[in-house]
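A.B. asks: Can you read through this structure? Questions will come right after.
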Amino acid sequence: MGRSFRKLMQIKSYSLELKKKIKPFNKSINVDSDKSLSIRSFLIGSVCQDISIIKNALESEDVKSSIQSLRKLGVLIKKTNSQTYKVHGKGLGSLYAKKNLSLNFGNSGTLARLLIGILSTTPDIEVKIQGDKSLNRRSMKKLIKLMSKFGAEFLPKNKFNFPLKLVSTEMPICVNYNSDASAQLKSAVILAGLNSFGITKIIENEKSRDHTENMLVKNPQAIKIKKDKKNIIEIFGKRFLDNFTIKIPGDPSSAAFFVALTILSEKSSLKIKNVGLNPRRIGFYEILKKHGAKIKFSNKRMQNNEIVGDIAIKSGKLKRAIVAPKDFYEKTTDEYPILFCIAALTHGISVFKGIEDLANKESNRVKEMQKILKQVGIKSKFKDNALRIFGKKEINNKNKKIYVPNLGDHRICMSTTVLSLITGIKAKISNFETVKTSSPSFLKIIKILGAKYEIK
């Protein structure tokens, strides 16, 4: 089985090797806490009044980068118990950057966009911003243009990727923003607007994830949401934000890999407890159910303005090939790589439309998944912003091997793991440690489910 899980967590860089097909299983598990909610909790808590308490926080690399960045900006964050933290809020406009301060966002696009939203309208901020190799390659053009409207400056000018220098504005002005499908850009505008003069107005032409709004909804003095055909969000700047206590549920994106593993396995069943079921986060589950997957939600309840529940899954391949329209994208952004794997093992031609933004993730997820599928004998074609996957019911695993180079993409690594465990095709996945950015318990869980692997 390789080295122990605890020792594994201390290894800086390693490869994962898989050689055997997973056997049937019947288990009940908890998955890692929601990354999006964890990062937002720390960021919003830092600009609230008094102490906010975060329970069951994800302790992944992305969240650690968030905590580290906030501490550098003068925020006191104390861990009081296992996965429980106290954030001593400094209030809006009170974060502080020492001279020549440098912030490293690691691999986290969420942290980068949202914290830049806060810092852009915080007075006296002059800070160097960067990420790891993967994040530094990703375009921040849309974000930079939006924050420039508030008055922030990014140097050098006309450069749209990290590293950059951020110089905040002393007199942040409100903006009007016609939102696209990006929840992170919308959140950045909300957070920048909270410390701007006047009323920042967001018109959602396409409804996107609403975690930030849900976390702020108990502050009607600062934010107002009009729900209609188009959501209209008004942010009233320079209002105090009340502190909060939040318990983070399981991450539906992390759960997706174990759902896929169960669906594609033989004679298997799985229950995943206490998972976030926000309607704008469960597109992966909805489309699989639509195509015949045996997935049920139960024990649904409201927790901190978010829907939480349990997920029950039984094995059984899809009844037909997957058809995912363009408007499906926002509800399942992170789950496309594992969806591609399911499509590869489903007879017929699956079609995924409107996925151009996948090129601007930790890797170009369309191209990289095409390479992986080709290694197992699955044809695919990307044309007119749509990916077609020519799926098979069965894949011959003889004389095949999957190799994944260092992509710095956690979801590609986890998707390939599932593909190997289902087909029995040998796989070597380089720099597997990148999985810790979102799912530090991933290997521990697949071991519980019966997977055999080696660490090299």
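A.B. asks: Would you mind finding the one in 56, 81 that is farther than 28 Å from residue 209 by Cβ, polar (S, T, N, Q) and outside the structural domain of residue 333 (by TED's automatic domain parsing)?
C.D. replies: Only one candidate passes the filter, namely 81.
A.B. asks: Quickly run through segment 52-83 and pick out the residues that are part of a helix (DSSP H, G or I), more than 22 Å from residue 442 (Cβ to Cβ) and touching a helix residue (DSSP H, G or I) at 6+ places or on another chain (Cβ under 9 Å).
C.D. replies: Matches in segment 52-83: 69, 70.
A.B. asks: Taking residue 195 as meeting all but one of (1) surrounded by fewer than 21 Cβ atoms within 10 Å (Cβ to Cβ); (2) assigned to a loop (DSSP other than H, G, I, E, B), write down the number of the exception.
C.D. replies: (1)
A.B. asks: Looking at residue 22, is it crowded, with 16+ Cβ neighbours inside 10 Å, more than 25 Å from the chain's Cα centre (by Cα) and within 30 Å of residue 315 (Cα to Cα)?
C.D. replies: When the stated conditions are applied, residue 22 passes them.
A.B. asks: Tell me, which residue of segment 95-131 that is among the charged types (D, E, K, R) and more than 22 Å from residue 77 (Cβ to Cβ) is surrounded by the most Cβ atoms within 10 Å (Cβ to Cβ)?
C.D. replies: Across segment 95-131, the extreme among qualifying residues is 126.
A.B. asks: Let me ask something else about it. Only residues that are crowded, with 21+ Cβ neighbours inside 10 Å and in a strand (DSSP E or B): list them for segment 249-269, please.
C.D. replies: Hit for segment 249-269 is 250, nothing else.
A.B. asks: State the number of residues belonging to segment 420-449 that are hydrophobic (A, V, I, L, M, F, W, C), over 17 Å from residue 12 (Cα atoms) and touching a strand residue (DSSP E or B) at 6+ places or on another chain (Cβ under 7 Å).
C.D. replies: Going through segment 420-449 one residue at a time, the tally reaches 6.
A.B. asks: Okay, moving on. Suppose the filter is surrounded by fewer than 24 Cβ atoms within 10 Å (Cβ to Cβ), β-branched (Val, Ile, Thr) and farther than 16 Å from residue 201 by Cβ; does residue 246 pass it?
C.D. replies: Yes.
A.B. asks: Within segment 388-417, which residues are assigned to a helix (DSSP H, G or I) and closer than 14 Å to residue 20 by Cβ?
C.D. replies: Scanning segment 388-417 gives a single hit, 417.
A.B. asks: Among what's in segment 323-378 and is small (Gly, Ala, Ser) and not in a helix (DSSP H, G or I), pick the residue that is modelled with the lowest pLDDT.
C.D. replies: Selected residue: 363.
This table checks each residue for (1) modelled with pLDDT of 95 or more; (2) among the hydroxyl-bearing types (Ser, Thr, Tyr); (3) under 19 Å from the mean Cα position of the chain (by Cα).
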| position | (1), (2), (3) |
| --- | --- |
| 89 | yes, no, no |
| 97 | yes, no, no |
| 102 | yes, yes, no |
| 129 | yes, no, no |
| 132 | no, no, yes |
| 146 | yes, no, no |
| 149 | yes, no, no |
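A.B. asks: Just one of (1) among the small types (Gly, Ala, Ser); (2) crowded, with 23+ Cβ neighbours inside 10 Å; (3) not assigned by TED's automatic domain parsing to the domain that holds residue 315 trips up residue 237, so point out which.
C.D. replies: In the conditions (1) among the small types (Gly, Ala, Ser); (2) crowded, with 23+ Cβ neighbours inside 10 Å; (3) not assigned by TED's automatic domain parsing to the domain that holds residue 315, residue 237 misses (2) alone.
A.B. asks: Another question, if that's okay. Within segment 276-295, identify whether any single residue is among the hydroxyl-bearing types (Ser, Thr, Tyr), crowded, with 24+ Cβ neighbours inside 10 Å and over 21 Å from residue 212 (Cα atoms), and answer yes or no.
C.D. replies: So far as segment 276-295 goes, yes, one or more of its residues are among the hydroxyl-bearing types (Ser, Thr, Tyr), crowded, with 24+ Cβ neighbours inside 10 Å and over 21 Å from residue 212 (Cα atoms).
A.B. asks: Can I ask one more? Looking for whichever is at positive phi and either modelled with pLDDT of 95 or more or not charged (D, E, K, R) (or both) here; the options are 299, 278. Which one fits?
C.D. replies: Being at positive phi and either modelled with pLDDT of 95 or more or not charged (D, E, K, R) (or both) holds for just one of 299, 278, which is 299.
A.B. asks: List the pairs whose first member sits in segment 236-253 and is on the phi > 0 side of the Ramachandran plot, whose second member is surrounded by fewer than 18 Cβ atoms within 10 Å (Cβ to Cβ), and whose Cβ atoms are under 8 Å apart, counting only residues at least 6 apart or on separate chains?
C.D. replies: If the second residue must be surrounded by fewer than 18 Cβ atoms within 10 Å (Cβ to Cβ), the pairs left are 238/197.
A.B. asks: A further question on this structure: Given the structure, is residue 428 surrounded by fewer than 21 Cβ atoms within 10 Å (Cβ to Cβ), over 18 Å from residue 368 (Cα atoms), at pLDDT 95 or above and of a type outside the set (Gly, Ala, Ser)?
C.D. replies: no
A.B. asks: Then there's this: Among the residues of segment 382-396, are any over 26 Å from residue 105 (Cβ atoms), touching a residue at least 60 places away in the same chain (Cβ under 8 Å) and not aliphatic (A, V, I, L, M)?
C.D. replies: Yes.
The values are calculated or read from the model by the stated rules, or taken from the named source; none is laboratory data. Everything quoted here is computed from the prediction, not taken from an experiment. We place every Cβ from the backbone using ideal geometry, glycine too, and count neighbours over all the protein chains shown.
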